[in-house]
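To start, the structure itself, in structure tokens.
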Amino acid sequence: MSELSIFSVSLAHSTGLTHMELIQKSKDLNSLAKQIKSERKTIGFVPTMGALHSGHLSLIQRARKECDIVICSIFVNPTQFNEQSDLEKYPRTLEADSKLIESICDYLFVPQSVEDIYGKEITLKEFDFDGLENELEGEFRPRHFQGMANVVSILLNIVTADKAYFGLKDYQQFKIVERLTKLIQLDTKIVGCPIIREANGLARSSRNELLSEAAREAAAVIFYSLNYIKEFHPFLSIPELQEKAKGMIEGIMDVEYLEIRDAETLKEITSWTENNGVFISFAGTIDGVRLIDNIRI
Ligand code: PAF
């Protein structure tokens with residue numbers, strides 16, 4: 001490993017048992033991955049944008065259970081933000097992040113620059129996801145999924161992991177990444193991991209940190225109303241339940257969308273039964289903070 005420009009993050013735990021290494025160049029990460037593979041070890045990869053919380057930890061823990069070597073990346077990808085101000089505001093908490101994962105992760109990849117990932121000039125590939133990228137979040141965040149898919153494809157090509165782990169809170173992202181690996185013919189298996197929730201049902205997100213205590217409590221209404229749809233879905237029509245659930249949230253939050261969709265195509269459905277599973281997806285803001293959530297039936 002010495003020829004690789006790898007730096008130890010100050011990770012020596014009081015136990016002395018942990019040793020996560022920081023890698024800052026993609027070519028070093030690629031050499032490392034080749035070396036691991038030559039030793040016939042499996043790689044589990046967890047790509048993130050940092051500001052890590054228990055949701056991310058659950059992905060890393062799952063990778064730890066299923067693979068020999070766990071690699072996590074932290075890269076705030078500029079091409080998936082629609083607003084420059086959102087990119088600038090995105091929390092960057094590298095030191096706390098490293099501490100949080102040091103005992104369960106083997107290598108942490110933090111690219112030293114955007115150029116290390118994209119080269120001198122950012123040229124994005126245009127992937128055809130059969131319209132998946134234009135539904136739901138795609139409508140409100142144009143180009144977001146193309147930017148996300150570009151960075152994920154670059155990262156997956158560098159890491160050549162056996163398995164890569166994604167949270168199902170970003171279900172649409174998960175479906176698009178599944179499609180992406182088929183398009184670019186990668187062998188990496190994409191694993192979707194369940195949403196981790198706070199005690200009141202609010203889905204864990206880095207953005208929850210931006211909420212006041214009162215807003216955090218009030219946002220419990222999201223999970224409550226999604227469950228309401230789940231519970232009553234056989235008895236009421238789709239538009240009826242959609243309106244009722246929206247009504248529960250409005251007044252507490254600004255609803256961007258609350259949609260009942262086909263879990264595979266993400267297209268609208270007209271009956272509870274003729275589909276590939278039902279996916280209920282929400283986006284809205286409270287305290288100026290945008291939150292998303294979903295459940296499947
Ligand atoms: O889910 C995220 O944090 C990001 O979209 C990802 C997958 C790390 C790509 O930047």
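Can you list the lysines whose alpha carbon is less than 22 Å from that of Lys230, not counting same-chain residues fewer than 8 positions off? Here the lysines satisfying the reach criterion relative to Lys230 are Lys169, Lys175, Lys244, Lys246, Lys267.
I want the antiparallel fraction of DSSP beta bridges within the chain, as a percent rounded to 5.
On the way: 21 of 41 bridges.
Bridges in the chain are about 50 percent antiparallel.
Think of the chain as having a plus end and a minus end, set by charges on the Cβ of Lys, Arg, Asp and Glu; of Cys193, Ala214, Leu124, Cys193 sits farthest toward the positive end of this dipole.
Amide H contacts for Arg197 (H built 1.01 Å from N in the peptide plane; partners 5 or more residues away or on another chain; cut-off under 5 Å): Arg204. Scanning residues 5 or more positions from Val278 or on other chains, those with amide H under 5 Å from its amide H are Ala263, Ile297, with H placed 1.01 Å from N in the peptide plane.
Note on Lys34: lysines with a C-alpha under 16 Å away, same-chain residues under 8 apart excluded, are Lys25, Lys163. Classify the range 33-148: rounded, prolate or oblate, from the alpha-carbon gyration tensor (a ≥ b ≥ c, eigenvalue square roots; a/c under 1.5 rounded; otherwise prolate if a/b is larger than b/c)? Since a/c reaches 1.5 and a/b is larger than b/c, the shape of the range 33-148 is classed as prolate.
List the relative contact order of the range 126-249 as a percent without decimals, with contacts defined as Cα pairs under 8 Å and 6+ residues apart. The partial results should precede the final answer.
Numbers: 103 pairs, mean separation 22.5, N = 124.
After rounding, I find 18 percent.
Using C-alpha pairs below 8 Å separated by at least 6 residues, the relative contact order for the range 111-183 is 35 percent. Here the range 167-297 is assigned +1 on the Cβ of each Lys and Arg and -1 on the Cβ of each Asp and Glu. Its dipole about the Cα centre then comes out at about 420 debye. With point charges of +1 on the Cβ of Lys and Arg and -1 on the Cβ of Asp and Glu, referenced to the Cα centre of the range 75-131, which listed residue (Ala96, Gln84, Leu108) lies farthest in the positive direction of the dipole? Of the listed residues, the answer is Ala96. Backbone phi angles across the range 36-46, fed through the Karplus curve with coefficients 6.51, -1.76 and 1.60 (θ = phi - 60°), yield HN-Hα couplings of 4, 5, 5, 8, 6, 9, 8, 10, x, 10, 10 Hz in residue order; Gly and Pro are listed as x.
Give, rounded to the nearest 20 debye, the magnitude of the charge dipole that the chain has about its Cα centre when Lys and Arg contribute +1 at Cβ and Asp and Glu contribute -1 at Cβ. For this selection, approximately 860 debye. Potential lengthening of the chain between Lys27 and Lys246 amounts to 74.0 nm, from the contour at 0.36 nm per residue minus the alpha-carbon distance.
What dipole magnitude, in Debye to the nearest 20, does the range 99-214 give about its Cα centre under +1 on Lys/Arg Cβ and -1 on Asp/Glu Cβ? Provide the component values of the computation, followed by the final result.
Numbers: 14 positive and 19 negative charges, 38 e Å.
Once rounded to the nearest 20, the dipole reads 180 debye.
When a/c reaches 1.5 or more, the comparison of a/b and b/c decides; with that in mind, is the range 109-188 rounded, prolate or oblate per its Cα gyration tensor? Because a/c hits 1.5 or more and a/b fails to exceed b/c, the range 109-188 counts as oblate. By the gyration tensor of its Cα atoms, with a ≥ b ≥ c the square roots of the eigenvalues, what is the shape of the range 154-275: rounded for a/c under 1.5, prolate for a/b over b/c, or oblate? Oblate.
Taken along the Cα-to-beta-carbon direction at a fixed 7 Å, the label points for His233 and Lys120 span 5.2 nm.
Based on the mean of other beta carbon atoms within 10 Å per residue, what is the order of 89-95, 163-169, most packed first? List each step's numbers first, then the result.
Details: 89-95: 13.6, 163-169: 21.7.
Answer by packing, highest mean first, reads 163-169, 89-95.
Look at the alpha carbon pairs under 8 Å that are at least 6 residues apart: their mean separation over the length of the chain gives a relative contact order of 16 percent.
No lab work stands behind these numbers, since they all come straight from the coordinates. Here the structure is a predicted model, which is why all the values come from computation and not from measurement. Quick reminder, even Gly has a Cβ in these numbers, built from the backbone with ideal geometry, and neighbours come from all protein chains shown.
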